[in-house]
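Please read the structure below before turning to the comments.
The values are calculated or read from the model by the stated rules, or taken from the named source; none is laboratory data. The structure presented is a predicted model; accordingly, all values stated were derived computationally and were not measured. Here the Cβ positions follow ideal geometry from the backbone for every residue, glycine too, while neighbour counts run over all protein chains shown. For accessibility, only protein heavy atoms count, side chains too; no ligands or nucleic acids. Shrake-Rupley method; radii C 1.70, N 1.55, O 1.52, S 1.80 Å.
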Amino acid sequence: MIAMKIVRSWFILVLTALPAVSDAQNSHPVDLAAARSLIARVVPSNAADFDVAAIPDSAGLDVFEVANVGSRVMLRGSSGVAIASALNWYLEHVAGVNASLPLTPITLPTPLPRVTAPVHVSTRYRVRYFFNYCTFSYSMAWWNWSDWQPMIDWMALKGINAPLAVTGQEAVWRSVLGDFGFSRKQIGDFIVGPAYLPWGWMANIDGLGGPLPDSWIDSHIKLEQQILSRERSLGMTPVLQGFTGHVPQSITQVIPGTKIRRTGDWSAGFSGTWFLDPQDSLFQRMGRKFVEKQTELFGTDHLYAADPFNEIDPPSNDSTFLAEMGGAIYNGMHSADTSATWVIQAWFLVYGKKFWQDPQAEALLGAVPDDHMLVLDLWGDRSPGWKVRHAFYGKPWIWNVLYNLGGKVSVNGDLPQIAANLDTAIRSPEKGRMEGLGMTMEGLGTNPIVPDFVFDQVWRDTVPDVNAWTRDYVTHRYGRYNASAWSAWQLLLETAFRSSAQTGNFLAERPQFYVKGRAYRTEPIAPYDERIVARALDSLLAAAPALGNNDAYRYDVVNLARQVLGQLGLPLVNQLQAAYEARDRAKLVATEGEIESLLRDLDTLVGTRQEFLLGRWIADAKRWGTTDDERRLYEWNARNIITLWGNKCTEGENDDLNLYAFKEWEGMFTGYFLPRWEAFFKDLNASLGSGKPFDRAPFAVASCKWEQSWSHATTPTFRTKPAGDAVGTAERLVKKWRR
């Protein structure tokens, strides 16, 4: 039996008795059947050993209790989420098991480890938020119900009670625009493709990746209804969409006389979009219709996300105009739902801080009653907005961790800074109405320790020591303590997990020689000694005899080996440049061979894990298609979003978001990165042969055209299942490439 550890910084009271409490004592009845179903999914072999019951909350804040009743484990909670969190607490603190992403069924020993003393745990956070709009593209664009179910279970286990839930929004838009007289073509020109939906919702772009087929829209109505039903059954209050005023430019043709304005260009390289003038009465009518149509389709929990100026500046900095915008957006929600609360990302206040000074920010936010707005401080881990915007002028707000941009694959996450910034927010007398915490990462998956650490804080009153917490985490993650594994993680805590940089492989860049001081999407220069990370990999591999059967361990080995081997890319390119400049053809050809070999080996390495398969991403996209044309459209969306992002090449370069969401996946290394480097090698060798200096400009033009053709291609096909032994492959390749 594994002894339960009582952690001082948790809100825990040891109880002498836990009397039964009926559902009726809760202001919001707890769906115990839904809680039991979650337990059956999470621990299917042991579900019969758990009982559940409802208890009252504490002044609107969730609480849970864990105790043994006879031979069974009793989980009591003030909501389905609280009961799920009780299960998670038992798994970690009694059974010594970690439930991380991606969540898979957990098998516990029989009989179950006993709880040595009953506990009562409460939270200080009314709201526990999850997701970024971008997550719905970079990670979840192609998810179906089988993907969503374990995600929702994981959220409940971690205490999340307010997830962003914007799947299926395109159906609301189709209905609203149709009611106002827009043609099918006008609607199709406005709504973006499936990989780009978040930026349509945030008013950054129109039409890119579309037109969106009706079959997609219809199928995602059903999917959103399934998502919301499950989330609500567990006591979550999903955040749906509100109307921001963003409309098709064609509205002036459909409704002559409509007053519209254009935003500034999106800084990512796209032209501005159009929105209704806040003084036009149509703004209120359309805002009301939007909420009404959405409620017909999906119901409501009275939380509406609306971000009118995400990375785009309004056409005026006049405070009166901005107050009118704020009022128009809120009043549109309120006219349809008097309980409406506007949920707004404060990212625009950080990203556009030159425009959004105090008068402008306070004008927009101040147009809404304090208790009817919830502000998401999106980047609390690195650039807390609450500090520079006076805790958002009296509005309730949520502290969030962003940490991942573009869903890029990188071992990173500044845990000490996350801990320090959260601790500062909790302790500060200037924090105002901080009422929750959450995560707003743009991509899921590659560093499960980060979300596990953040949401572990839901049930604590003080932020724990990162090293001590991580030691327990690693023990739970691998199912036992191992000295070599812990030594590896200590080295990672000194380096990759003290870094916010998403350090990647320079070979993912459009081929070029490295220029010192230039910003690269791959962030190829790590802000730490890469040799220490290589030592961490050696130490982790030394634990293979003891931990090799653990799936989380195998994943960590592959991900860390990918990181270490990927850091060889830039030195090889520098070696290539030196050979070219020295006109040493033999060295040039030899280095070209090394780069090709490294890319092929990285493909083989990550191909041992399903999390890193390009073929799976594309297949998941195509499964939504009902015709060949639809499947081709979805495949283009899937390929383009992780490469060029946009659809144009300008003077041989491209939209500013090229490679913003690049992936270090099997299929990408040899199917996308390698052909471009082979073309680069060909031009370098031709340059040496002709004696003419290499000119990158025509190469960039040709490369961009090739990249566009790659996005439109449907061949070759890529594997959808992993192949090979993860640990054995990592060991072999580390030995091969040891420098």
Qualifying residue in the range 206-218 (condition: open to solvent by 20 Å² or more (accessible area, probe 1.4 Å) and under 22 Å from Met155 (Cβ atoms)): no
Residues satisfying the stated conditions in the range 567-587, i.e. among the aliphatic types (A, V, I, L, M) and either within 19 Å of Val411 (Cα to Cα) or surrounded by fewer than 21 Cβ atoms within 10 Å (Cβ to Cβ) (or both): Leu568, Leu570, Leu572, Ala578, Ala579, Ala582, Ala586
Sole residue being crowded, with 18+ Cβ neighbours inside 10 Å, among the polar types (S, T, N, Q) and at pLDDT 95 or above, chosen from Ser37, Ser78: Ser78
Any hit, the range 480-503, residues being open to solvent by 30 Å² or more (accessible area, probe 1.4 Å), touching a Pro at 6+ places or on another chain (Cβ under 9 Å) and touching a residue at least 40 places away in the same chain (Cβ under 8 Å): yes
Hits in the range 52-64 (condition: part of a loop (DSSP other than H, G, I, E, B) and farther than 29 Å from Asp147 by Cβ): Ile55, Pro56, Asp57, Ala59, Gly60
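It is to be established whether one or more residues within the range 676-684 are charged (D, E, K, R), under 30 Å from Ala534 (Cβ atoms) and open to solvent by less than 60 Å² (accessible area, probe 1.4 Å).
yes
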Residue count, the range 509-527 (criterion: under 29 Å from the mean Cα position of the chain (by Cα) and buried (at least 16 other Cβ atoms within 10 Å of the Cβ)): 9
Looking only at the range 223-261, and only at residues there that are among the basic types (Lys, Arg) and more than 27 Å from Gly181 (Cβ to Cβ), the one that is surrounded by the fewest Cβ atoms within 10 Å (Cβ to Cβ): Arg232
Residue within the range 241-256 that is outside any strand (DSSP E or B) and aromatic (Phe, Trp, Tyr) present: yes
Condition check for Leu602: in contact with a Phe, Trp or Tyr (Cβ under 6 Å, 6 or more places away or on another chain) and either assigned to a helix (DSSP H, G or I) or of a type in the set (S, T, N, Q) (or both): yes
Filter pass, Leu212 being without any contact (Cβ under 8 Å) to a residue 60 or more places away in the chain and in a loop (DSSP other than H, G, I, E, B): yes
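Yes/no matrix, rows are residues, columns are (1) in contact with a Leu (Cβ under 8 Å, 6 or more places away or on another chain); (2) under 23 Å from Glu92 (Cα atoms); (3) modelled with pLDDT of 95 or more; (4) open to solvent by less than 20 Å² (accessible area, probe 1.4 Å):
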{"residue": "Val409", "(1), (2), (3), (4)": "no, no, yes, yes"}
{"residue": "Asn412", "(1), (2), (3), (4)": "no, no, yes, yes"}
{"residue": "Thr424", "(1), (2), (3), (4)": "no, no, yes, no"}
{"residue": "Lys431", "(1), (2), (3), (4)": "no, no, yes, no"}
{"residue": "Met434", "(1), (2), (3), (4)": "no, no, yes, no"}
{"residue": "Leu437", "(1), (2), (3), (4)": "yes, yes, yes, yes"}
{"residue": "Met441", "(1), (2), (3), (4)": "yes, no, yes, yes"}
{"residue": "Thr446", "(1), (2), (3), (4)": "no, yes, no, yes"}
{"residue": "Asp452", "(1), (2), (3), (4)": "no, yes, yes, yes"}
Residue count for the range 409-438, restricted to those that are out of contact with any Ser or Thr (no Cβ under 8 Å at 6 or more places or on another chain), assigned to a loop (DSSP other than H, G, I, E, B) and either of a type in the set (Gly, Ala, Ser) or in contact (Cβ under 8 Å) with a residue 24 or more places away in the chain (or both): 5
Those strands (runs of 3 or more DSSP E) lying entirely in the range 309-406 with at least 3 residues closer than 25 Å to Thr237 by Cβ, touching a residue at least 60 places away in the same chain (Cβ under 8 Å) and open to solvent by less than 40 Å² (accessible area, probe 1.4 Å): 341-345
